[in-house]
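Written below as structure tokens is the structure these notes are about.
The values are calculated or read from the model by the stated rules, or taken from the named source; none is laboratory data. This is a predicted model, so every value here is computed, not measured. No Cβ is skipped: glycine too gets one built from the backbone with ideal geometry, and neighbour counts run over all protein chains shown.
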Amino acid sequence: MHPAYSVIVFTTSSGAGYGLLFWLSLAHLAGRLPGGAMAFVAIALALALITVGLLSSTMHLGHPERAIGAFSQWRSSWLSREGVAAVATYAPAGLLALIWLIGADTGVTKLLALLSAIGAVATVYCTGMIYGSLRTIRQWNKGLTPVVYLALSGATGALLLAVLMSLFGASAQWIGVITLVSLVIAGVAKLAYWRQIDADPGQYTTAMATGLGGQGGSVRPLDPPHTKPNFVMREMGYQVARKHASRLRRLSAIALFAVPIVAVLIAVFAPGGAAVLYLIAALAAGWGVATERWLFFAEAEHVSQLYYGATRA
Amino acid sequence: MAQTKPIVETSPKVSDEVRQTTCYMCACRCGIDVHLRDGKVSYIEGNRNHPVNKGVICGKGASGIMQHYSPARLRAPMKRVGPRGSGQFEEISWDEALELATEWLGKVRKTDPKRLAFFTGRDQSQSLTGLWAMKYGTPNFAAHGGFCSVNMAAGGLYTFGGAFWEFGDPDWDYTKYFMLFGVAEDHASNPIKKGIGKIKKRGAKFVSVNPVRTGYNAVADEWIGIRPGTDALFVGALIHELFRMQQIDLDYLIRYTNSPWLVIQDPGAEDHGLFARNDDGDPLVWSNEAGGFGSGKISDLSASLTGTRTLPDGRTARTVFELMAERYLGDEYSPEAVEERTGVPATQIRKIAAELAHVAFEEEVIIQREWTDAWGRKHDKLIGRPISMHAMRGISAHSNGFQTCRMIHILQILLGSIDCPGGFRYKPPYPKQTPPNLLPHGASGDIKPEMPLGGPHLGFPHGPHHLLLDEEGGPNRLDKGFSWDAPMSAHGLMHMVINNAAEKDPYGIDVLFMYMANMAWNSSMNTPGTIDALTKTDENGDYVIPKIIYSDAYYSETVPFADLILPDTTYLERYDCISLLDRPISEPEILADSIRYPVVEPDRDVRGFQTVLIDLGARLGLPGFVDDAGAPLYPGGYPDYMVNHERKPGVGPLAGFRGKDGTEYGVGDKNPDQLKRYIENGSFWEQRFDPEHAYFRHANRGYLDWGIKKGIRLTPDATIFQLYSEPVQRFRLAAEGHGDRQPPDRARERIQKYFDPLPFWYEPMEGAMVDTSKFALHAITQRPMHMYHSWGSQNAWLRQITAQNRLYIHTSVGEQIGAKDDDWVWLSSHQGRVKCQVKLMDGVNPHTVWTWNAIGKRRGAWGLSDDAPESNQGFLLNHLISELLPAGGGGYRYSNSDPITGQAAWFDLRVSIEKADGDEKTEPFFEPVGTGMQEPSPTKVAFGAEFRRKAQ
Amino acid sequence: MTCLPEKTDKKLGLVIDLDICVGCHACATSCKEWNTSGYSAPLSDHDPYGADPSGAWLNRIHSFEATTAEGVSKTVHFPRSCLHCEEPDCVTVCPTGASYKREEDGIVLVNPDTCIGCKLCSWACPYGAREYDYDDGVMKKCTLCVDRIYNENIPEEDRVPACVRACPTGARAFGDLGDPDSDVSKSVAERDGFNLLDEFGYKPVNKYLPPRINSVQAAPVAEEPAAPDGSRLEKLFAWADKALSR
């Protein structure tokens, strides 16, 4: 699948935003979120990331001005559900941000935080399911897809919260531990995901797609319909060399998991340089998650390519 | 959630108006319904009532809109102001353009009309262009048939008075076995597609004989991936087997062919190999009934097919049948003998022969229908041998194509399958006489200043006495047509014109006048050489071809090389006449012709070429174009001519709706409302035959008489099939030293060898002359079906389908040279080399490489950008094909053509292949031609958006 | 699956006969010219005269070389367009409802006025049958010429999709595949018509008829043992004389 930058930005940015929203909401529920400016900056950052992501996602729409219609088909469409969940999450999160901005202290913030956390999980789950539900792409059509989305959202969100807390001088060991655990879970999930897709050669063949060749035969394209690539080939025929992909996988695993885990570990046990360490971890993870998301698209093979030279999908 | 159902307008208005005309996206000439919206062409579909396409349309026809609105269209007359090829023109008025052309042409006509060469490309108005050239008085006229179809036309017409090409069709309704030789997507495109669909559905067997398995061949039930140029060996082996198995239609041979005719056997005599004749000139047969000699023209059913007879003068004679059997039963035509050369296993040849025999004789088709033969014998039924065959370019484009084509016809005739139910059927006005009684004109004595030629240029010589020679016995035509180089060149040799003119061989010219022929690119052999010829200068720096006038509708590669451009219209803006005098659109059961008329008016300063030609004819004062007072005869241009011209009394360009009230056809008075009647009738006219006249028309009394009445036959005599061709033998006799017209010594051996009155196989010229161990591969081309004859690279839709060609090679060849798909290779011939990209495939003869022709374009032409795939990766094989053969004995270089007909031997090409490195661009890579006055092409097309906005 | 109709009154679709398709592209260009000013107007083309010409086409013709396990090779021309599946995700993934399947005839359509151009439906189609129009910003697809097949402004016999109307070999047929007595259903039954990617489970309505081989049952002819020169000729002439004297 063609890795569109708008969609990479959307999923990584809003993923981190929802992760941050989730953790700060939980922290607030647990009474551990430092108050004052820090709380507001955190939720503002979360909402900003979410908004940048969502705006970015509309950039790949042909008619963004009609986007309102996208909330109508929540009964069947994960994309519609995601839209509904995203907008629904804005309500409690926005209110929470407003309350924290004006510094009011009311009991309702706990409820808003709870709703925000639920909304964040629901939205990211829907995002994952947009991809996870597509049977045309075996690399996406896995149970682990939404899990990885959730886990990476959680890990990147936790990292951001850790960065903020340390920048505000409110660093605490608990956030370090949460970040560490999130990163490990995400890393395990992602590695498991890669193992899973590598083990799946694809169940569909050119013979099935064309009905030609019979049992054990072969079907090879002679002439494509048109000389130059068409929409389907550009959008769904993107190919990344296996060697290139595995190098990128290693790099993204190092940047997204190895470096942050080490950095956070140090930060947990040597809180002195926490701010710098968390920042390093966050920057590495940011690059890593963008690469991971690029690979998520680039490595995805679409069944339609059976008509354009793929032998299995 | 209940969904609100969107409202879909299921009955939108399709168009404001439908106008019916004739397609011109290729040579097929289907009827089309052109829908107009707001005065714009909005949709084109097939005309359901039309005899050719019966409603269907092809990929080209349905893309006509993009041709009509092509950015490569020329917009106004232009005069060249920069050097040739620079594309530097200035727009001029029509008056100025026509005055200039009149001045140039008038001067030549006053001095030596021969110094005008007038050649047309995919012209569908040859009866007009030929008439014009005849009245002008130059011998140098032809259309592009010499590099296209002449082997098929001549091979067929000399043999059975019809031809494959577009002059006949398999009997799709009854045939049970269809054999297709070579690429055939070029002519009769929709009729053949319809036919293939029909027979496949009916369960008839379809055998394709073609080195390449694409297009029609892909749906064949059996594909024979033959080696190019060896078809006559394969067909000879089939004939061998039929003779061996005694599976031939003897009755048919006796009735309709010259197989019982007696051939004089007197080697060394001046009439050796000619037919023994009686005092009336009738060929002799041995009549068993009469117990003596009889006439071969009366279909004597007791005539003997065998036996050596002693003629009244004491010499011996043998029947054609015996000579033929001897030829094909010879060991050289046994399946085993041909299997290696052809690549067709002997077992497969045997199987096909057995199937042919089985279908012809065990599965005959009988239609209970009374008819009377040419000799008055009544028949109560029609017996059909349901074997049909078709061939075109694949046979035609070899230098052994004439003989190969004749041999295929002999196979058909031995099976009794010409114009019978299930066989190959004539399209009227065919059959003609054999040999055809149309003779060529333009010998030296016939050329005088300001005098018309004595008759039409192109015809069918019956022997050396019909050649068009100068006083010294050399060629009198610039293309050397009807000379000893190509004696039976019934369509001329357009492929030789430019290079001969530049070499002044046989002589130089003053004006080259061409229409619709892309000679500076894909229509020439040796394209770089042709470009050099067009720009060659003499010692004074003047062009050796001093003046070039060119008419085309589009900015092709040839336009920049002309001095004066006469811009033509698109096919939807013009009048045309698809005449029975020219290349008719008849179907086997329908006599038909058709017109084009402007369904939209041009939005540019362009004029239909035919109207311009008629105007020029009047300005030059050509007889037939002005009246006695010198006033134009057809001031209304082409439509005026179409209605009011008469070739002979009552016979005009259009056969339908003649007579004052439009009720007559064929022969009848002029009808001023004729065009109106055509337009009302969908721009065509058709006349269905009496069912009694539907078959055996070469010898069908009712049909022959009807044909005379309607002006499409010249004699009431039957057409007798010439298995043995006497005109061919006459040339051979001349080469042996007989007669007063003698070939030059260098040509004797060649003529003796190739002018065999019985078809035989010989190695195609190029293969026989180059080192085939070096050039081990054959290279051939075909046009993609969606582009055949369509000028399609300027078409925004068609070029998306094929914007670049690759060289298709057999998987094993790819393995040998270590090439994978899209790798670059050098392809070399004795002429030059081309760099191109390969695609590996299984469905090609392993000794053959091929590509889609004419996809490669030159930068600057056709409104394409300089980075278009057509000019950067696309390539032409033309660069590898020499217009001349390598020098033979004596150093003379013959044209790379069939030695008999002069047909360009495109498919004789021999090549070698090797992997190439370097940058990914084709070579030779030509400098762009200048783009002249052309406006830049748009970067986006959203055709139809305006109609939707309007609807909303 | 709230957005797919439980059942449709008809299952309109195409039957494509791979046995006689010669790959002429008539169906593709006829489709293009009808639809570029029809329901889906326009079908835009980008860089039409340049280096990378491409555009929206609702019907495309592939060609394949298929080789059986026994090594028998065949060239097959293969038209491909929307199959109007009975249970396709291209409809259900659509967030706006612009992509829908009609209850009355089963045609899958995109509403060009509500499509937001998110392309998700094209991702959900295993057949690559949906074509995004970069210029128009909406998804385009085969409509089965919904603006032809019921169109009272055109003659009844022409109320078929433009591709069917054009096809010179008759390799395309249109009809109700939900009606077992329709011509299309009968040809599918007779010819073992098949679904593309049946295993995928979208239940395509369009069907393909497989290539087949027509043959002639002629008795095999044995090769004669080599004979002395001329004996074959003599035999032939004797046969000819005898046959003609009867």
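Details
- Out of A:Ala67, A:Ala104, A:Ala120, sole residue that is under 30 Å from A:Arg32 (Cα atoms) and over 18 Å from the mean Cα position of the chain (by Cα): A:Ala104
- Residues in the stretch A:250-300 that are in contact (Cβ under 8 Å) with a residue 24 or more places away in the chain, out of contact with any Ser or Thr (no Cβ under 6 Å at 6 or more places or on another chain) and of a type in the set (Val, Ile, Thr): A:Ile254, A:Val259, A:Ile261, A:Val268.
- Residue list for the stretch B:101-122, filter: modelled with pLDDT of 95 or more, closer than 12 Å to B:Met514 by Cα and among the small types (Gly, Ala, Ser): B:Ala117
Rundown of residues vs (1) under 29 Å from A:Pro229 (Cβ atoms); (2) within 18 Å of the chain's Cα centre (by Cα); (3) surrounded by fewer than 24 Cβ atoms within 10 Å (Cβ to Cβ), yes/no style:
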position: C:Cys90; (1), (2), (3): yes, no, no
position: C:Arg102; (1), (2), (3): no, no, yes
position: C:Gly106; (1), (2), (3): no, yes, yes
position: C:Cys121; (1), (2), (3): yes, no, no
position: C:Asp135; (1), (2), (3): yes, no, yes
position: C:Glu152; (1), (2), (3): no, no, yes
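Conditions (1) touching a residue at least 24 places away in the same chain (Cβ under 8 Å); (2) assigned by TED's automatic domain parsing to the domain that holds B:Asn190; (3) surrounded by fewer than 24 Cβ atoms within 10 Å (Cβ to Cβ); (4) over 18 Å from B:Gln126 (Cα atoms), marked per residue:
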| position | (1), (2), (3), (4) |
| --- | --- |
| B:Ile585 | yes, no, no, no |
| B:Pro598 | yes, no, yes, yes |
| B:Asp605 | yes, no, yes, yes |
| B:Pro623 | yes, no, yes, no |
| B:Ala629 | no, no, yes, yes |
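- Verdict on B:Arg697 being in contact (Cβ under 8 Å) with a residue 60 or more places away in the chain and not assigned by TED's automatic domain parsing to the domain that holds B:His50: yes
- Residue within the stretch B:562-583 that is part of a helix (DSSP H, G or I), of a type in the set (Ser, Thr, Tyr) and surrounded by fewer than 24 Cβ atoms within 10 Å (Cβ to Cβ) present: yes
- Among the criteria (1) within 19 Å of the chain's Cα centre (by Cα); (2) within 14 Å of another protein chain (Cβ to nearest Cβ); (3) surrounded by fewer than 18 Cβ atoms within 10 Å (Cβ to Cβ), the one A:Gly309 does not fulfil is (1).
- Among the numbered conditions (1) over 30 Å from C:Lys32 (Cα atoms); (2) buried (at least 24 other Cβ atoms within 10 Å of the Cβ), the only one that B:Ala62 does not meet is (1).
- Residue within the stretch C:59-69 that is outside any loop (DSSP other than H, G, I, E, B) and over 20 Å from the mean Cα position of the chain (by Cα) present: yes
- Leading residue by the ranking (nearest to B:Thr802 (Cα to Cα)) among those in the stretch C:12-61 that are crowded, with 24+ Cβ neighbours inside 10 Å and polar (S, T, N, Q): C:Thr29
- Residue match in the stretch B:719-727 (condition: among the small types (Gly, Ala, Ser) and either at pLDDT below 95 or assigned to a helix (DSSP H, G or I) (or both)): no
- Residue list for the stretch B:477-513, restricted to those being charged (D, E, K, R), without any contact (Cβ under 8 Å) to a residue 60 or more places away in the chain and part of a loop (DSSP other than H, G, I, E, B): B:Lys504, B:Asp505
- Candidates A:Gly31, A:Gly15, filtered to the one that is surrounded by fewer than 23 Cβ atoms within 10 Å (Cβ to Cβ) and among the small types (Gly, Ala, Ser): A:Gly31
- Of residues in the stretch B:688-727 being among the small types (Gly, Ala, Ser) and within 30 Å of B:Phe755 (Cα to Cα), the one surrounded by the fewest Cβ atoms within 10 Å (Cβ to Cβ): B:Ala699
- All strands (runs of 3 or more DSSP E) inside the stretch B:1-73 with 2 or more residues being of a type outside the set (Asp, Glu) and more than 11 Å from chain C (Cβ to nearest Cβ): B:17-22, B:31-37
- With respect to the conditions (1) part of a helix (DSSP H, G or I); (2) in contact with a Gly (Cβ under 6 Å, 6 or more places away or on another chain), B:Arg750 lacks only one, and its number is (2).
- Only one entry in C:Ser73, C:Ser30, C:Ser37, C:Ser99 is under 27 Å from A:Leu79 (Cβ atoms) and within 13 Å of chain B (Cβ to nearest Cβ), namely C:Ser99.
Residue by residue, here is whether (1) buried (at least 24 other Cβ atoms within 10 Å of the Cβ); (2) touching a helix residue (DSSP H, G or I) at 6+ places or on another chain (Cβ under 8 Å); (3) more than 11 Å from chain C (Cβ to nearest Cβ) holds:
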{"residue": "B:Gly161", "(1), (2), (3)": "yes, yes, yes"}
{"residue": "B:Thr175", "(1), (2), (3)": "yes, yes, yes"}
{"residue": "B:Lys194", "(1), (2), (3)": "no, no, no"}
{"residue": "B:Lys198", "(1), (2), (3)": "no, no, no"}
{"residue": "B:Lys201", "(1), (2), (3)": "no, no, no"}
{"residue": "B:Lys205", "(1), (2), (3)": "no, yes, no"}
{"residue": "B:Val212", "(1), (2), (3)": "yes, no, no"}
{"residue": "B:Gly229", "(1), (2), (3)": "yes, yes, yes"}
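- In the stretch B:275-306, the residues that are under 38 Å from the mean Cα position of the chain (by Cα), surrounded by fewer than 20 Cβ atoms within 10 Å (Cβ to Cβ) and away from every other protein chain (no Cβ under 14 Å): B:Arg277, B:Asn278, B:Asp280, B:Gly281, B:Asp282, B:Ser295, B:Lys297, B:Ile298
- Members of the stretch C:7-27 found to be within 13 Å of chain B (Cβ to nearest Cβ), charged (D, E, K, R) and assigned to a loop (DSSP other than H, G, I, E, B), listed by number: C:Asp19
- Candidate set: the stretch B:623-648, residues that are part of a strand (DSSP E or B) and more than 28 Å from the chain's Cα centre (by Cα); chosen: the one nearest to B:Thr611 (Cα to Cα): B:Pro632
- Cβ separations smaller than 7 Å between residues 6+ apart or across chains give the following pairs from the stretch B:432-445 residues that are over 16 Å from B:Gly474 (Cβ atoms) to residues that are among the aromatic types (Phe, Trp, Tyr) and in a helix (DSSP H, G or I): B:Thr434/B:Tyr158; B:Thr434/B:Phe160; B:Pro435/B:Tyr158.
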